[in-house]
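Novice: Just passing along the structure, written as structure tokens.
The values are calculated or read from the model by the stated rules, or taken from the named source; none is laboratory data. Everything quoted here is computed from the prediction, not taken from an experiment. For neighbour counting, all protein chains shown are included, and Cβ atoms are generated from backbone atoms with ideal geometry for every residue, glycine included.
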């Protein structure tokens, strides 16, 4: 925030010295207008006492009569700390359409006379074309206290826009703008169901996805054909949209098409698919068991493996254990996760998977073994933190040792302080800094003192002495 204020103050100084708005700021960037507004009121400090005027006004004071000001100086007056000056500048701003962004900002002004005048001016000046340009700024200001009126004015103006005009905002980089535009389009029925479905499938914002998917399916329920809407929903990359499409299969009378989604990569989609299958009398657990009964199947989808754990029983662990050696890393990882979900973790079976070449398998194995960290062989884990081991193996072994605590955790963390990977070094340093001796450990261990001395740079002198005192060393 300080950097933004300083940038705004520098822009204000350039305006005071005669620069045009386009040379002082990027007039197409909403953030630059907000930065200028904040920077004009920036006050310089001298010996901890604020000077009475902003820096720009000390070098070029405003005249008493604002009616003859040019556009750059009038921009400064519109942002002035004195509300009476801002109000007078608003009255003169009608001659300068380029200052409309500052009128937008004044619509959320703390002074009631200023903001009421600004809102009146905005209502008179805003048309569809200028609304499309100013929408990002108006919606930013709308998030401020007293700023909602600007969004209302924007909405009333854009309701007059055609589909083609409003479509400019559907691809805006600002997700707040896209949400606003799609709400208006849905309210005005400007988009066909298939267009809404495609928007839900391709937009990256979850709010837009939900808005458009819900509106598309509502339109279908009103009598439009399902086919054009379901295809983009079911093929969407984002799981929220796919799940909406899967759930709609039941209403469309196509529940049988939900079966392939039982093995979807998303847990949300799998849950929706199980609901649809059950509603038509099917048994998802039986479907999963049939898919997982052939551990040698190279085409077994990982989603089917975890899906069995999500709706199966502990007895189904017998189908998951053979999958721990499946050639596909995704299947092995999901098998480990499934055993954890079923509470059937077998330490002896899972421990060798800490050496798996796939990082995803090691991550799932660590999660499964964390509750048993104190029972794991410390020396075996320490050996896997050595530099020649792959990064994901070093990290997995260290997470388990860190959870175990005690001197072995300190020994592992200190050893990794010189790791080749900066993130591993950072996590090791954090582990050292939060280390405490375990309650059952012998006090006065000389190795602890040596390890703490090796990483003394991570502590202040006081904290290092405190750690040693807690461990009973360094007296």
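Novice: Report, by residue number, each residue of the stretch 140-158 that is surrounded by fewer than 21 Cβ atoms within 10 Å (Cβ to Cβ) and within 19 Å of residue 175 (Cα to Cα).
Specialist: 143, 144, 147, 148, 151, 152, 155
Novice: Can you pull out every residue in the stretch 288-306 that is assigned to a helix (DSSP H, G or I) and touching a helix residue (DSSP H, G or I) at 6+ places or on another chain (Cβ under 6 Å)?
Specialist: Once the filter is applied, which keeps residues that are assigned to a helix (DSSP H, G or I) and touching a helix residue (DSSP H, G or I) at 6+ places or on another chain (Cβ under 6 Å), the stretch 288-306 yields 288, 291, 292, 302, 303, 304, 305, 306.
Novice: Within the stretch 382-403, which residues are surrounded by fewer than 18 Cβ atoms within 10 Å (Cβ to Cβ), within 16 Å of residue 363 (Cβ to Cβ) and touching a residue at least 24 places away in the same chain (Cβ under 8 Å)?
Specialist: 390, 391, 403
Novice: What is the residue count in the stretch 442-458 for residues that are in contact with a helix residue (DSSP H, G or I) (Cβ under 7 Å, 6 or more places away or on another chain) and within 23 Å of residue 425 (Cα to Cα)?
Specialist: Qualifying residue count, the stretch 442-458: 9.
Novice: With (1) under 23 Å from residue 118 (Cβ atoms); (2) in contact with a helix residue (DSSP H, G or I) (Cβ under 6 Å, 6 or more places away or on another chain) as the list, and residue 178 as the residue in question, which single condition is left unmet?
Specialist: In the conditions (1) under 23 Å from residue 118 (Cβ atoms); (2) in contact with a helix residue (DSSP H, G or I) (Cβ under 6 Å, 6 or more places away or on another chain), residue 178 misses (1) alone.
Novice: Next question. Somewhere in the stretch 239-250, is a residue more than 20 Å from residue 185 (Cβ to Cβ) and out of contact with any helix residue (DSSP H, G or I) (no Cβ under 9 Å at 6 or more places or on another chain)?
Specialist: no
Novice: So if I check each of 370, 339, 381, 351, which one is farther than 29 Å from residue 422 by Cβ, modelled with pLDDT of 95 or more and out of contact with any strand residue (DSSP E or B) (no Cβ under 9 Å at 6 or more places or on another chain)?
Specialist: Matching residue, one of 370, 339, 381, 351: 339.
Novice: What's the total number of residues in the stretch 100-114 that are part of a helix (DSSP H, G or I) and either surrounded by fewer than 23 Cβ atoms within 10 Å (Cβ to Cβ) or on the phi > 0 side of the Ramachandran plot (or both)?
Specialist: Total meeting the criteria: 4.
Novice: Just one of 262, 191, 184 is touching a helix residue (DSSP H, G or I) at 6+ places or on another chain (Cβ under 7 Å), surrounded by fewer than 23 Cβ atoms within 10 Å (Cβ to Cβ) and at pLDDT 95 or above; which is it?
Specialist: From the options 262, 191, 184, the qualifying one is 184.
Novice: Continuing with the same structure: Would it be correct to say that residue 146 is closer than 22 Å to residue 83 by Cα and at pLDDT below 95?
Specialist: Answer is yes for this residue.
Novice: Right, something else. Check every one of the helices (runs of 4 or more DSSP H) wholly within the stretch 1-40 and list those with 3 or more residues that are surrounded by 22 or more Cβ atoms within 10 Å (Cβ to Cβ) and touching a helix residue (DSSP H, G or I) at 6+ places or on another chain (Cβ under 7 Å).
Specialist: In the stretch 1-40, the matching helices (runs of 4 or more DSSP H) lie at 2-16, 30-40.
Novice: A follow-up question, please. What helices (runs of 4 or more DSSP H), lying completely within the stretch 422-475, carry at least 2 residues that are over 14 Å from residue 410 (Cα atoms)?
Specialist: Once the helices (runs of 4 or more DSSP H) in the stretch 422-475 are filtered for at least 2 residues that are over 14 Å from residue 410 (Cα atoms), what remains is 422-433, 461-471.
Novice: Please work out if residue 89 is modelled with pLDDT under 95, buried (at least 19 other Cβ atoms within 10 Å of the Cβ), farther than 30 Å from residue 204 by Cα and touching a helix residue (DSSP H, G or I) at 6+ places or on another chain (Cβ under 9 Å).
Specialist: Spelling it out, residue 89 is indeed modelled with pLDDT under 95, buried (at least 19 other Cβ atoms within 10 Å of the Cβ), farther than 30 Å from residue 204 by Cα and touching a helix residue (DSSP H, G or I) at 6+ places or on another chain (Cβ under 9 Å).
Novice: What about residue 172, is it over 30 Å from residue 288 (Cβ atoms) and either in a loop (DSSP other than H, G, I, E, B) or free of Cβ contacts under 8 Å to residues at least 24 places away in the same chain (or both)?
Specialist: Taking the combined requirement at face value, the residue satisfies it.
Novice: Okay, moving on. Filter the stretch 297-323 down to the residues that are within 35 Å of the chain's Cα centre (by Cα) and either without any contact (Cβ under 8 Å) to a residue 12 or more places away in the chain or within 14 Å of residue 357 (Cβ to Cβ) (or both) and list them by number.
Specialist: 299
Novice: Filter the stretch 115-146 down to the residues that are closer than 16 Å to residue 31 by Cα and not in a helix (DSSP H, G or I), then identify the one that is nearest to the chain's Cα centre (by Cα).
Specialist: If we take residues in the stretch 115-146 being closer than 16 Å to residue 31 by Cα and not in a helix (DSSP H, G or I), then 143 is nearest to the chain's Cα centre (by Cα).
Novice: Identify all residues within the stretch 184-234 that are closer than 17 Å to residue 172 by Cβ and not in a helix (DSSP H, G or I); write none if there are none.
Specialist: Scanning the stretch 184-234 gives 190, 191, 203, 204, 205.
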